[in-house]
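These notes are about the structure you will find just below.
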There are 2 protein chains.
Amino acid sequence: MSEDYRPMWKGLGLDLETHDALLAALGAGYAQTFLTQKDRPEGMKYFDFVMSEVHGLRVKELMDAKAAGRKVVGSFCVYVPEEIVLALDGVHVGLCAGAEFGYAEAERFLPRNTCGLIKSFFGFSLTRVCPYLSASDLVVGENTCDGKKKAYEIFKDMPLVHELYVMDLPQVKSERGRALLVDEYTKFARKMEALAGRKLTVDNLKEGIARVNAKRSAMHRLAKLRAADPAPISGLDALLANQVFFYDDPERFTGSVNAICDELEKRVEAGKGVAKKGAPRVLVSGCPMAVPNWKLPSIVEACGAVIVGEESCVGERGTRNLTADKGATVEALIAGIADRYFQVDCAVFTPNPARLEHVKAMADAYQADGVIHYGIQFCNPYQIEGGVVERELEKAKIPTLRIDTDYSMEDAGQIRTRVEAFLERIKG
Amino acid sequence: MSEDYRPMWKGLGLDLETHDALLAALGAGYAQTFLTQKDRPEGMKYFDFVMSEVHGLRVKELMDAKAAGRKVVGSFCVYVPEEIVLALDGVHVGLCAGAEFGYAEAERFLPRNTCGLIKSFFGFSLTRVCPYLSASDLVVGENTCDGKKKAYEIFKDMPLVHELYVMDLPQVKSERGRALLVDEYTKFARKMEALAGRKLTVDNLKEGIARVNAKRSAMHRLAKLRAADPAPISGLDALLANQVFFYDDPERFTGSVNAICDELEKRVEAGKGVAKKGAPRVLVSGCPMAVPNWKLPSIVEACGAVIVGEESCVGERGTRNLTADKGATVEALIAGIADRYFQVDCAVFTPNPARLEHVKAMADAYQADGVIHYGIQFCNPYQIEGGVVERELEKAKIPTLRIDTDYSMEDAGQIRTRVEAFLERIKG
């Protein structure tokens, strides 16, 4: 990193020694996973820089924002409406949750058979290594799955958590479910207004909507370019963009993704790509992958396949829908925001038929030869829905492989063997 | 069994060979667990008879009811309002879910790390051995936990399931949560009216409420008698009564429990009990135990302790509250029913502070020396809440042991060792 951030980290209450170890592992993992790739787009250098400064410059920006009176909101879920945070001049960041770190500590509070994402965010808190968590004036949780819902009851008292706010979410896409979401977003808006000491207006809310939509539109542009054969960008690099989506300054992020897209358009025109034309093309569908969870895509692409899309919250499920900016009142705009998020087809909803349709549509649009369904172990909603998705895709003649795993590398060899066999099948 | 029920079972679509094996195992398990107990109340002979006829006479009664035009409703959860079923002259039964049976079949549809209760009800269906399931005109599910919520999406197409109806449930005890429950019970009432070809009236609904309240009141009477030292009835026998609560003819059940209570009152007066005065007294708290899940109580009581209460859906959590019968309209009565069920403190609610208060109150009322928290493995809500319950009880100087297990006997030895050590502690 270009600067000594240790005083800042110390001020944030981090355990510097453990944090050093984390950063060293993260840096080494990133270098090995990303920097060894061939023919990367030049524009990815921006993301290399972002990752090299992931706990440095970006956190300093948050601290500068806080010093200027702006509020930082941290979250673990795509149901937290960033539009409202940005409208009130806040900063919205995703929190640390993608590594097997501090599990022994986490398991003092959570059963071992809790999903890795939840154990991970407890671990990052308990070992005091997530500067984003400590920088957050407010952590926003939500009643999505049982694991998070019950874990938040405990998380509120964990280290580095200053204030936790939990939103109720519907389980069914009924009229009553929509009304609950509108209600909860309205309450969240009131909470954010109080925190920010500002009022939502039609103008600032429309601006917040436009800023988040711009990020999403850049991701749509990137996603479409991956339909080309050869694919102009690796799945790993595209996943990284989806991951950084949650952390970065919105405008800088949008500009950087669009710059990469300019470059990729030229690649596509020139028929250039990161894999050979005709290389096996895989769509990944399922649970979100937070930094530094690059395990499955790195195995898949090391086997010679290229990932052409992520049907995931850290991916197209999270970015697919734009928010309408039509509305003459704050209430109407908030209702529009709720309508946008209500379309997100997370497996916590029952029934959830839109997700299967989206997987099929993505497989078609991105010319995938097969789908790998990724479940985080002990994630009941995606693991159970994964069986249904697999059966229905196979019925539709879309070869599907289900991989349920956690963040540990212990099963990497087994996964590689299964992926290799799957790639034989889809190109056979 | 007193009669040849094989033609009936065949007509219900059961796999007779597998069903024979199940009944043989069930009978042997029952004899070994229950009939070897000393000083059992005479009145338990009724439950011995019920269990000896569990797939026989009671199922025949259901078939007779069906032949007379009455409807049978099966469920897996205490949130299904029996009052409404009874008001429409229906029969309400709990469905098979308490044994490791057909897991290999179930795991074709569910991840291995699904809770035993869910795998069990899939297993009973897929191996075609649950006559209650097949006899049910309607199976009523509900969005309690993630596991059941997502499993019901699949269960609707499973063997022996004629029609599945799923109720949405709130996750938070808010005004909006209550409104959802009232709404869902109203919809369920409409569904039941259509099924039964009858209309709810103030009179029949009040009668349904009275019949269910009578069952509950009998269980309250039984529960209170267990406060005596020595305890006049074993935890196993009391659990059995709580289990049969879900299956039996309501009036016969109520009468039988009250008859046992008459007998126990005399025992208490005479200072007689099933264990020595001063024997370690344990409250069990946590997940429900369906027939034939007697594993934990049989281990605990074999160690010389006596279980004096069950803070469980198959226990006091399920029976604690009576339903108000005040209301001049069907709507008002349904709202009263919803208010009653809204008090049930299942761990799927967040937050769920009432449950901890109830555990403490029960430990106090029944003079428990300690609490054993029972979690079914992979049940996120109870397993996570269990950690909180344990910490809070220990703070309140109530010794607590957490046991997370499934229906297999594989860990019985380990559990016994832990229970023995716990009993040393609480009487030390």
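Since every read-out is calculated from the coordinates, none of them should be taken as a lab result. What you are looking at is a predicted structure, and each value in this text was computed from that prediction instead of being measured. A quick note on method: Cβ atoms are made from the backbone with ideal geometry, for glycine too, and the neighbour counts reach across all protein chains shown.
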Problem set entry | Within a Gaussian network of chain B (alpha carbon springs, distance under 10 Å), most fluctuating of B:91, B:308, B:172 | B:172
Exercise. Between copies, how close do the residue B:339 label points come, placed 7 Å along Cα→Cβ, listed in nm from shortest?
Worked result: 3.8
Exercise. Taking the label point 7 Å from Cα in the Cβ direction, how far apart in nm is residue B:199 from each other copy of itself, listed shortest first?
Worked result: 5.2
Seminar exercise, completed: Final fewest-first order of B:64, A:249, B:404 on the 10 Å Cβ neighbour count is B:64, A:249, B:404
Exercise. When chain A is modelled as a GNM with alpha-carbon springs shorter than 10 Å, which of A:396, A:104, A:332 fluctuates the most?
Worked result: A:396
Exercise. Which whole-number percent is the relative contact order of chain B (Cα, under 8 Å, 6+ apart)?
Worked result: 17 percent
Exercise. Between A:384, A:84, A:372, which gets the highest mean-square fluctuation from a Gaussian network model of chain A, Cα cutoff 10 Å?
Worked result: A:384
Problem set entry | Shielding by partners - mean other protein chain Cβ count within 10 Å, residues of A:377-386 | 6
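Structure shown: which of A:173/A:224; A:150/A:295; A:326/B:150; A:276/A:395; B:60/B:173; B:38/B:149 lie over 31 Å apart, alpha-carbon to alpha-carbon?
A:326/B:150; B:60/B:173; B:38/B:149
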Seminar exercise, completed: Copies of residue B:21 compared via label points 7 Å along Cα→Cβ give distances in nm, shortest first, of 5.0
Exercise. Using the count of nearby Cβ atoms within 10 Å as a rough guide to exposure, how do B:217, B:136, A:408 rank from fewest to most?
Worked result: A:408, B:217, B:136
Seminar exercise, completed: Going fewest to most other Cβ atoms within 10 Å around each Cβ, B:254, A:417 line up as A:417, B:254
Exercise. So what's the gap between the Cα centers of the range B:242-297 and the range A:240-286, to the nearest angstrom?
Worked result: 65 Å
Exercise. For the rotation that brings chain B onto chain A, whose beta-carbon in chain B is nearest the axis, and what is that distance in whole angstrom?
Worked result: B:146, 2
Problem set entry | From phi via Karplus (6.51, -1.76, 1.60), per-residue ³J(HN,Hα) for the range A:382-394 in Hz, x at Gly/Pro | 6, 5, 6, 5, x, x, 5, 4, 4, 4, 6, 5, 4
Exercise. Whole-Hz Karplus ³J(HN,Hα) for the range A:220-230, in order, using 6.51 cos²θ - 1.76 cosθ + 1.60 and θ = phi - 60°, x for Gly and Pro?
Worked result: 4, 4, 4, 4, 5, 5, 6, 5, 5, 10, x
Problem set entry | Cα gyration tensor, chain B - rounded (a/c under 1.5), prolate or oblate | rounded
Problem set entry | ³J(HN,Hα) computed for each position of the range B:197-208 - Karplus, 6.51 cos²θ - 1.76 cosθ + 1.60, integer Hz, glycine/proline x | x, 9, 10, 6, 10, 4, 5, 5, 5, 4, 5, x
For this session: Using only alpha carbon pairs under 8 Å that are at least six residues apart, calculate the relative contact order of the range B:6-196 and give it in whole percent.
Result: 21 percent
For this session: Evaluate E = 1/(1 + (r/R0)^6) for residue A:269 and residue B:20, where r is the Cβ-Cβ distance and R0 equals 60 Å; express this FRET efficiency to the nearest 0.05.
Result: 0.25
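At most 13 other Cβ atoms within 10 Å and a DSSP loop assignment: could you name the trypsin sites (Lys or Arg not before Pro) in the range B:69-116 that fit?
Loop-located and lightly packed - B:108, B:112.
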Seminar exercise, completed: Other residues with Cβ under 11 Å from the Cβ of residue B:379 give, with Lys and Arg +1 and Asp and Glu -1, a net charge of -3
Problem set entry | Net charge, residue B:195 excluded, C-beta distance under 14 Å - Lys, Arg +1, Asp, Glu -1 | +4
Problem set entry | Other protein chain Cβ atoms within 10 Å, averaged over every residue that makes up B:109-116 | 5
Exercise. Alpha carbon centre of the range A:315-333 versus the range A:144-159: separation in Å?
Worked result: 28 Å
Exercise. Is the shape of the protein assembly as shown best called rounded, prolate or oblate, per the rule: a/c under 1.5 gives rounded, else a/b larger than b/c gives prolate, else oblate, with a ≥ b ≥ c the square roots of the Cα gyration tensor eigenvalues?
Worked result: prolate
Exercise. Within a Cβ distance under 11 Å of residue A:262, other residues only, what is the Lys/Arg minus Asp/Glu net charge?
Worked result: 0
For this session: Pull up all non-local amide H partners of residue B:141: gap of 5 or more, or a different chain, and H-to-H distance under 5 Å with H placed in the peptide plane.
Result: B:165, B:166, B:167
Seminar exercise, completed: What helix-only [θ] at 222 nm does chain A give? Using -39500 (n - 2.57) per DSSP H run of at least 4, over all residues, to the nearest 500, the answer is -16000 deg cm²/dmol
Exercise. Shape of the range B:1-122 from its Cα gyration tensor (a ≥ b ≥ c, root eigenvalues): rounded if a/c is under 1.5, otherwise prolate when a/b > b/c, or oblate?
Worked result: rounded
